[in-house]
Amino acid sequence: MEDTSREVRAIQQRIWMSLPEEERFRKCGEMFELAKAFAVTRAPAGLSGEKLSRFVFREIYGFDIPEKAK
């Protein structure tokens, strides 16, 4: 979904690129942690451990964690 105009995207890009590399990296990490926290809040009640981890992975990446090789 792209609901941001090209003009606004250009402004966002200018702002983003004006930040030092370390700051951009830190902000990416913060956004990922926020997305992870949102995914946890959407988890069905009672999930814990591996089931919660698998749910969060699927919410963030859009596919299931591959099964471990036996």
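For the chain, what % of the accessible area comes from carbon and sulfur atoms, probe 1.4 Å?
59
Assigning unit charges at the beta carbon (Lys, Arg +1; Asp, Glu -1) and nothing else, what dipole magnitude in debye, to the nearest 20, does the chain show about its Cα centre?
Dipole magnitude for the chain comes out near 220 debye.
Label point 7 Å out from L19 along Cα-to-Cβ: which residues of region 34-49 have amide N under 14 Å?
34-35
Can you list which of the GluC sites (Glu not before Pro) found in the chain are DSSP loop residues with at most 15 other C-beta atoms within 10 Å?
Qualifying residues, ordered by number: E2, E67.
Using DSSP to call loops (not H, G, I, E or B), can you name the chymotrypsin sites (Phe, Trp or Tyr not before Pro) in region 18-50 whose Cβ has at most 16 other Cβ atoms within 10 angstrom?
none
I'd like to check one number: the per residue accessible area of the chain, probe 1.4 Å, reported in Å² as a whole number.
Each residue of the chain exposes 90 Å² on average to a 1.4 Å probe.
The values are calculated or read from the model by the stated rules, or taken from the named source; none is laboratory data. Keep in mind that this is a model prediction, so the values were computed, not measured. All Cβ positions, glycine included, derive from the backbone under ideal geometry; neighbour counts span all protein chains shown. Side chains included, ligands, DNA and RNA excluded: accessible areas come from the protein's heavy atoms. Shrake-Rupley method; radii C 1.70, N 1.55, O 1.52, S 1.80 Å.
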